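Below is one structure, written out as structure tokens; the observations come after it.
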Amino acid sequence: MRQILARIDTLLRGGFTEPEQLSLGRVSVGASDLAIAAAPLGLVYGLFMGLYAVMRGGPGAGLQLVATSLKVPLLFLLTLVVTLPSLYVLSALARSRLSFLHTLRLLLAAVTVNCALLASFGPVTGFFTLSTESYPFMILLNVAFFACSGIVGLSFLRKALDAVFAPETGTPASQTAASQVFRAWILIYAIVGAQMGWILRPFIGAPNAPFQWFRARDSNFFVAVWESLLRLF
Amino acid sequence: MSAIDDLLRARGRFAPDASDLPTPGTQAVIVAAGLLYGAVMGSYGLRAPQVLYSALKVPLLLGVSALVCLPNLLAVNTVLGLRDDFRAVLRALVLSQGTVCLSLAALAPITAVAYLSLADYNNAVVFNGGMFLLAALAGQISLGRLYRPLIAANPRHRLGRNAWLALYVFVAIQMAWVLRPFVGNPELPSRFFREGAWGNAYVEVAALVWRALGGR
């Protein structure tokens, strides 16, 4: 456990993504090490998120807690699986030095940073869960925390890509290949991540609704967020 | 008293470039200052239980809100590459919280006098909101002073500070909502938590705004 925490700490401090290493196309930490670090972080946030169902009680509340704590890491894993090939292809087209393995490591590093930030919001989510009945509010709060931590994770990735592409051009990387790759890919990642969350729902568990591992195919993430906003009033 | 003076002026042992944290004695004074304002705030209906509850609630409000946000503070500062300064950041936050408590205590006599002329409970609540706002502004002055050398050394500290403030205010507002009543409506029995207190400040405010705009 201490080793995992130390690894997360080093990653957050930028210890595995030093510009000198990245410029050579290397990410100096194993993919399995990153996965082992990211999974518990996602699980911790999932526990806080699933607390809402436990607080509301009823049949299936415990199962919802288990389901949510498993689904949060799964959400990141599946989003990564779906978007990794496109990141690799786009960065290869832009002639980056990252091999497929190092692209995987880099994306996993960004996902771990994302999960770390998300887990750090856990106590806040727990506090609001304990004090809030409003289901739409909890949906919006969680969307906001996922978005905030996602932005930090993507900023980490963008900085890393800047370092990867910097020696290629000798000009500010943010205005060239790195930026083009990132802009194209971020759109894919954001849409896939949001829709993956929608597919894996329910995460919180609607009050008075029976427990379900997954809900029927219906609507999409963006429409649901808009409807939650309207239901808040 | 000299420690309190140093804390308010951000000088001596509590100067921005020093590293001292408040001693247990000073910490006790800070907590007592929060207790004092809480007690005065709860004295609106002149009921001893409410005085006691409110006295406990003010340090709870400030302390628990900070604790809830602490993991995020650590994560944000680490991601921003500011981890080496984390002790100084924590010190700045602790000292600014101290300033908030001391400012509240300084405003307590004003609140007590105001209660003599505030016949309406709602006005008393609004008045206390104003007092908290003033104390928060004093805390901001303190935080600004303590953060100045950090920001000068690394401008990213500005982002770290703003992220902390945004999350802390967001949590503290809900914490205040959960811990209400602070003033204590004289027409209702004294309770630590209001009956059915668990709810959401933001949902209530959003509903109020929505209704004010003509929504149903």
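The values are calculated or read from the model by the stated rules, or taken from the named source; none is laboratory data. These numbers come from a predicted model, not from an experiment. Note that each Cβ is placed from the backbone with ideal geometry, even for glycine, and that neighbours are counted across all protein chains shown. Ligands, DNA and RNA are stripped out before the accessible areas are found, and what is left, the full protein with its side chains, is counted by its heavy atoms. Shrake-Rupley method; radii C 1.70, N 1.55, O 1.52, S 1.80 Å.
Brief remarks follow.
- Odd one out for B:V89, checked against (1) under 20 Å from B:P181 (Cα atoms); (2) at pLDDT 95 or above: (1)
- Looking only at the range A:196-233, residues that are outside any helix (DSSP H, G or I), touching a residue at least 24 places away in the same chain (Cβ under 8 Å), farther than 11 Å from A:Q64 by Cβ and open to solvent by 70 Å² or more (accessible area, probe 1.4 Å) come to 1 in all.
- When B:F170 is tested against (1) open to solvent by 40 Å² or more (accessible area, probe 1.4 Å); (2) more than 10 Å from chain A (Cβ to nearest Cβ); (3) not basic (K, R), exactly one condition is not met: (2).
- Looking across the range A:115-147, the residues that are facing another protein chain (nearest Cβ under 8 Å), farther than 24 Å from A:A35 by Cα, among the polar types (S, T, N, Q) and buried (at least 19 other Cβ atoms within 10 Å of the Cβ) come down to A:T132, A:S134.
- Residue in the range A:91-111 that is hydroxyl-bearing (S, T, Y) and within 7 Å of another protein chain (Cβ to nearest Cβ) present: no
- Scanning the range B:69-95 for residues that are open to solvent by less than 20 Å² (accessible area, probe 1.4 Å) and either closer than 12 Å to A:D9 by Cα or not charged (D, E, K, R) (or both) gives B:C69, B:N72, B:L73, B:A75, B:N77, B:T78, B:L82, B:V89, B:A92, B:L93, B:L95.
- Complete set of residues in the range B:3-30 that are in a helix (DSSP H, G or I) and open to solvent by less than 70 Å² (accessible area, probe 1.4 Å): B:A3, B:I4, B:D5, B:D6, B:L7, B:G12, B:F14, B:G25, B:T26, B:A28, B:V29, B:I30
- When the criteria are applied in full, B:S54 fails the requirement of being outside any helix (DSSP H, G or I) and in contact (Cβ under 8 Å) with a residue 24 or more places away in the chain.
- Apart from one condition, A:A31 fits all of (1) farther than 13 Å from A:A119 by Cα; (2) in contact with a Pro (Cβ under 8 Å, 6 or more places away or on another chain); the exception is (2).
- The set of residues from the range B:74-107 being touching a residue at least 40 places away in the same chain (Cβ under 8 Å), of a type in the set (V, I, T) and within 14 Å of chain A (Cβ to nearest Cβ) comprises just one member, B:V76.
- Answer residue from the range B:173-194, given it is open to solvent by 70 Å² or more (accessible area, probe 1.4 Å) and farther than 18 Å from B:L73 by Cβ and is nearest to the other protein chains (Cβ to nearest Cβ) among those: B:F193
- Just one of the listed residues (B:A138, B:A112) is crowded, with 18+ Cβ neighbours inside 10 Å, at pLDDT below 95 and more than 14 Å from chain A (Cβ to nearest Cβ), and it is B:A138.
- Summed over the range B:116-134, residues that are of a type in the set (A, V, I, L, M) and without any contact (Cβ under 8 Å) to a residue 24 or more places away in the chain total 4.
- Some residue of the range A:36-56 being open to solvent by 50 Å² or more (accessible area, probe 1.4 Å), more than 17 Å from the chain's Cα centre (by Cα) and within 13 Å of chain B (Cβ to nearest Cβ): yes
- For the range B:149-167, a residue qualifies if it is open to solvent by less than 30 Å² (accessible area, probe 1.4 Å) and under 19 Å from B:V58 (Cα atoms), and exactly one does: B:L167.
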